[in-house]
1. I'd like the residue in the stretch 260-289 that is under 21 Å from HIS168 (Cα atoms) and either assigned to a loop (DSSP other than H, G, I, E, B) or charged (D, E, K, R) (or both) and, out of all such residues, is farthest from the chain's Cα centre (by Cα).
2. Residues to consider are ALA290, ALA262, ALA279; find the one that is buried (at least 20 other Cβ atoms within 10 Å of the Cβ), aliphatic (A, V, I, L, M), over 30 Å from ASP189 (Cβ atoms) and without any contact (Cβ under 8 Å) to a residue 60 or more places away in the chain.
3. Of all residues in the stretch 179-230, how many are touching a strand residue (DSSP E or B) at 6+ places or on another chain (Cβ under 7 Å) and surrounded by 12 or more Cβ atoms within 10 Å (Cβ to Cβ)?
4. Restricting attention to the stretch 243-259, which residues are part of a strand (DSSP E or B) and buried (at least 16 other Cβ atoms within 10 Å of the Cβ)?
5. Can you spot a residue in the stretch 141-158 that is touching a strand residue (DSSP E or B) at 6+ places or on another chain (Cβ under 6 Å) and surrounded by fewer than 23 Cβ atoms within 10 Å (Cβ to Cβ)?
6. Do we have any residue at all in the stretch 222-237 that's free of Cβ contacts under 8 Å to residues at least 12 places away in the same chain and in contact with a Ser or Thr (Cβ under 8 Å, 6 or more places away or on another chain)?
Amino acid sequence: MNDTTNRQLLSGNHAVAWGVKLARPDVAPLYPITPQTPILEKITEFQLQGEMEVELLTPESEHSAMSACLSASLTGARVFTATSSQGLLLMHELLHYAAGARAPIVMFNVNRTPASPWGFWPDQLDSLSQRDTGWVQLYSESAQESLDTTVQAFRIAESVGVPVMICHDAFYVSHAVEPVDIPTASQVDEYLPRLERPLRLDTALGQSFGAPIDQATWNRSRREMAAAMDKVYAAVVEAGTTWNALCDRQYGPLEHYRCDDAQVLIVTMGSMSGTARVAVDALREEGIAAGLLKVRLFRPLPGPALCEALAGVPCALVLDRNYSPGMGGILHQELKAALYGMADAPRLHGLLAGVGGVNVPPGKIQQWVTDYREAEAVPEAIWVE
């Protein structure tokens, strides 16, 4: 730890607010929704205490919040917002609009069950159901990672010209308190310089956004978006490597834990990664060569890196804290598509684990590895609660 680093006990949501404070956004339109509200509250507190200079907007809905984000971002402002569950779903129309306008907005989503029935529990379907909107999606495991990823997200968004959504699980991360190392303002200022934005509303540039266009121009806009998305993987690697040099914490699109000689890999995202890490250690003590492959970057899906990580591994268990009706676990399905046609692909088991926030202790993961590591793969996901 750097001697000048400030270590505090923070919840995941307050860690996000600290990351936002350090990133110095110009505008932050925010609408409260459980369990995201502490992010808004802490940012408001920072502003009222004179610790953060930001235009804080409180519109009447999440749809209006994202509309304000888009308008502000297109002027060249650095913009942040946060939401959860139904709020994210209400934003859906504007998520497409922001991505198409190549607005580098950073949004933090606290993963929560979508209605109905009504619930407040950790489940990743809210963000995963937005996977085709053109937003980068990063999933965080801990309060420390959420702070660090919030800062990194601005660097990624502004360097590539795409909006970025970061997600962490409700309550398991959002409200759980743990020690967090807060970097200094000078460290983040060095890491996050202001860049000239080539796409912005400026009379000197003569650009417009959202005007009706013909088919060929719309088609070209998707090709340009695809070209930008192709740069995201390298941008995530660069952001993590540079952050490591500054703060001694390394991040990448994927995280490998005890994978080198693994005969079975657990693949998952978010807070369940920490539980799986404990299970891997216990399995190793039993003589089972288990490992963890944590997916941090979900969109764009790092297909080649996933194939490389899983090549030659006999078996992989995908733990999905989400359920897509009629299809199963989303990460499982995405991974099947990425591995299609690979000669030395693992036997892949999709386990619907922790859907709706159901607790998944390490012992359950150990049991699933024991049950499935020698079994033949089946195409459909299996409910394991």
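The values are calculated or read from the model by the stated rules, or taken from the named source; none is laboratory data. Every value quoted in this text rests on a predicted model; they were computed, and no experiment measured them. FYI the Cβ positions are ideal-geometry reconstructions off the backbone, even for glycines, and counts take in every protein chain you see.
1. ARG277
2. ALA262 is the lone residue from the list that is buried (at least 20 other Cβ atoms within 10 Å of the Cβ), aliphatic (A, V, I, L, M), over 30 Å from ASP189 (Cβ atoms) and without any contact (Cβ under 8 Å) to a residue 60 or more places away in the chain.
3. Summing the residues that are touching a strand residue (DSSP E or B) at 6+ places or on another chain (Cβ under 7 Å) and surrounded by 12 or more Cβ atoms within 10 Å (Cβ to Cβ) in the stretch 179-230 gives 3.
4. Hits for the stretch 243-259 are LEU254, GLU255, TYR257.
5. Yes, the conditions are met somewhere in the stretch 141-158.
6. no
One line per residue, one yes/no per condition, for (1) modelled with pLDDT of 95 or more; (2) outside any helix (DSSP H, G or I); (3) within 24 Å of GLU190 (Cβ to Cβ):
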position	(1), (2), (3)
LEU22	yes, no, yes
ILE33	yes, yes, no
LEU40	yes, no, no
PHE46	yes, no, yes
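So that you can scan it fast, the table gives a plain yes or no per residue for (1) assigned by TED's automatic domain parsing to the domain that holds ASP132; (2) under 25 Å from the mean Cα position of the chain (by Cα); (3) closer than 24 Å to VAL110 by Cα; (4) of a type outside the set (A, V, I, L, M, F, W, C):
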{"position": "CYS315", "(1), (2), (3), (4)": "no, no, no, no"}
{"position": "SER324", "(1), (2), (3), (4)": "no, yes, yes, yes"}
{"position": "GLY329", "(1), (2), (3), (4)": "no, yes, yes, yes"}
{"position": "ASP344", "(1), (2), (3), (4)": "no, no, no, yes"}
{"position": "VAL355", "(1), (2), (3), (4)": "no, yes, yes, no"}
{"position": "GLN366", "(1), (2), (3), (4)": "no, no, no, yes"}
{"position": "ASP371", "(1), (2), (3), (4)": "no, no, no, yes"}
